[in-house]
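Here the structure comes first, spelled out in structure tokens, and everything after it is commentary.
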Amino acid sequence: MPVVRIPTVLRKHTDNQAKVEAAGGTVREVFADLTGSHPGLQEQLFDGDAVRGFINVYVDDEDIRYVEGLDTPVEDDTEIAIMPAVAGGAEAKPSTHGTIVLAGGAGA
């Protein structure tokens, strides 16, 4: 049965399991089985019938966007990885250090 790797941020929906087995012959079928067993994942992974834009899905290290999307076939030994996109960081703020002049540069 295919195994789905669950990222830390979503494990609260899988009883803290890092890997979950789910049945199916395509990613769509595996996700249907997965979200049927763990309904909290449905809203986290999908916007309607499509995988949310900030969720990346890999089948044996291959991004499904570059193969057959949710219809990508899977085998019993397939590993599917769910990877939320990482974004963020601090907002850029003006420097409080004044102007820095490099040797040989303008103002030197």
I'd like the residue in region 50-72 that is among the aliphatic types (A, V, I, L, M) and not in a loop (DSSP other than H, G, I, E, B) and, out of all such residues, is farthest from residue 3 (Cα to Cα). 50
Within region 66-94, the residues that are modelled with pLDDT under 95, closer than 23 Å to residue 19 by Cα and open to solvent by 100 Å² or more (accessible area, probe 1.4 Å) are 86
Do you know which residues across region 19-49 are in a loop (DSSP other than H, G, I, E, B), aliphatic (A, V, I, L, M) and either at positive phi or open to solvent by 40 Å² or more (accessible area, probe 1.4 Å) (or both)? 23
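The values are calculated or read from the model by the stated rules, or taken from the named source; none is laboratory data. If you're wondering where the values come from, they're calculated on a predicted model, not measured in any experiment. Each accessible area value is taken on the protein alone, full model and side chains, heavy atoms only, with ligands, DNA and RNA left out. Shrake-Rupley method; radii C 1.70, N 1.55, O 1.52, S 1.80 Å.
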